[in-house]
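Taking it in order: structure first as structure tokens, then the write-up.
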Amino acid sequence: MALIYLPKADYPGTDILMPSHVTNVLRAVNRPKVIVLHTPEEPADNNETTPWYFQKANLGASTHYYSDNDGDWYQMVPEKYGAIANGVRNKPYPAGTNPNVSLNYQSVNVEIEGYAASIHITCPRGGVQWKAIVRWVLWEADRWGIRLDRQHVIGHYEVANNRSDPGTLNIQNIVNDAVALRNANKAPAPAPAPAPAPAPAPEPEPEEEDDMSELVTTPWIGHEPKKFVWVTDWRERNYVSNLETMKVFQQKGKWSKEITDLSSKSPLYAMFNMLERGKDIPPPKDE
């Protein structure tokens, strides 16, 4: 059996490749200007006979595509080849086509499983087969630059007075739904929801204040009080005398203390000065 070479589908939505017999295919000079819809006059059931039929030799008939009632899409003839589908008979050529060139070299075709008289029942608007046709019509229109209107998406009966297919199929609604699908595809995506506001930065934890409750100082009357700040990092040492108590609290890092009411002649003042100069202070002698 000599079948037309069909290594891959032209239409991305194709489910099944069933190449026609080479004797049912014309030359590779097809430049579609119209989309033509047909019905093969077979029952809309699970027994798809048309694709097999076109594999017989010398039928003098073929089609590019076939749509079954489950929404499956078959390709039988590559689009660049003419399919023997549209003999113009006692009707004008469609808009935009050249009457001096066979319409088979100016069209892309699909057979829609069902009968012309009942296709409106077996292929209802919005059903799986209907939606498959709409997607295909839109894709072909965009691929070949064909206008989506009733002058360029037509039925077989519009070019031949001896044909009635696709009969009761509402082609205008096919066109309307294809236009709506195109507009939906072009519609901008909805704006993303605004990102939630970032959580407020946590409040910095207050620095722990050193407990100075046990620091006791004795004011020295008659001397000008002196105030200074001491910043260092020392080992913990305790110094005790019978008049004053001083504590140095060790920290892991640097820390500071503000010591007030110490006069320049206070023994405590001398101790702090020694610490600032890096000198150790020996523990006080036991009394």
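The values are calculated or read from the model by the stated rules, or taken from the named source; none is laboratory data. Worth saying up front: this structure is predicted, and the values here are computed from it rather than measured. All Cβ positions, even for glycine, are placed from backbone atoms using ideal geometry, and neighbour counts span all protein chains on display. Ligands, DNA and RNA are stripped out before the accessible areas are found, and what is left, the full protein with its side chains, is counted by its heavy atoms. Shrake-Rupley method; radii C 1.70, N 1.55, O 1.52, S 1.80 Å.
Does N104 count as in contact with a Gly (Cβ under 8 Å, 6 or more places away or on another chain) and in contact (Cβ under 8 Å) with a residue 60 or more places away in the chain?
Judged against the criteria, N104 is a match.
Going residue by residue through region 93-112, is there one that turns out to be part of a loop (DSSP other than H, G, I, E, B) and of a type in the set (D, E, K, R)?
No, that holds for no residue.
Could you run through region 144-164 and say how many residues are in contact (Cβ under 8 Å) with a residue 40 or more places away in the chain and either closer than 17 Å to R31 by Cβ or open to solvent by less than 10 Å² (accessible area, probe 1.4 Å) (or both)?
9
Table: residues versus (1) farther than 24 Å from A141 by Cβ; (2) open to solvent by 20 Å² or more (accessible area, probe 1.4 Å).
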position: I16; (1), (2): no, yes
position: T39; (1), (2): no, no
position: Y53; (1), (2): yes, yes
position: K80; (1), (2): no, yes
position: A83; (1), (2): no, no
position: G114; (1), (2): no, no
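Search region 48-59 for residues that are under 15 Å from V110 (Cβ atoms) and outside any loop (DSSP other than H, G, I, E, B) and pair each with any residue that is of a type in the set (S, T, Y) and open to solvent by less than 50 Å² (accessible area, probe 1.4 Å) when their beta-carbon atoms are under 9 Å apart and the residues are at least 6 apart or on different chains.
From region 48-59, the pairs are T50/T63; T50/Y66; T50/Y74; P51/S20; P51/Y66; P51/Y74.
With the checklist (1) touching a strand residue (DSSP E or B) at 6+ places or on another chain (Cβ under 6 Å); (2) modelled with pLDDT under 95 in hand, flag the one item A57 doesn't pass.
(2)
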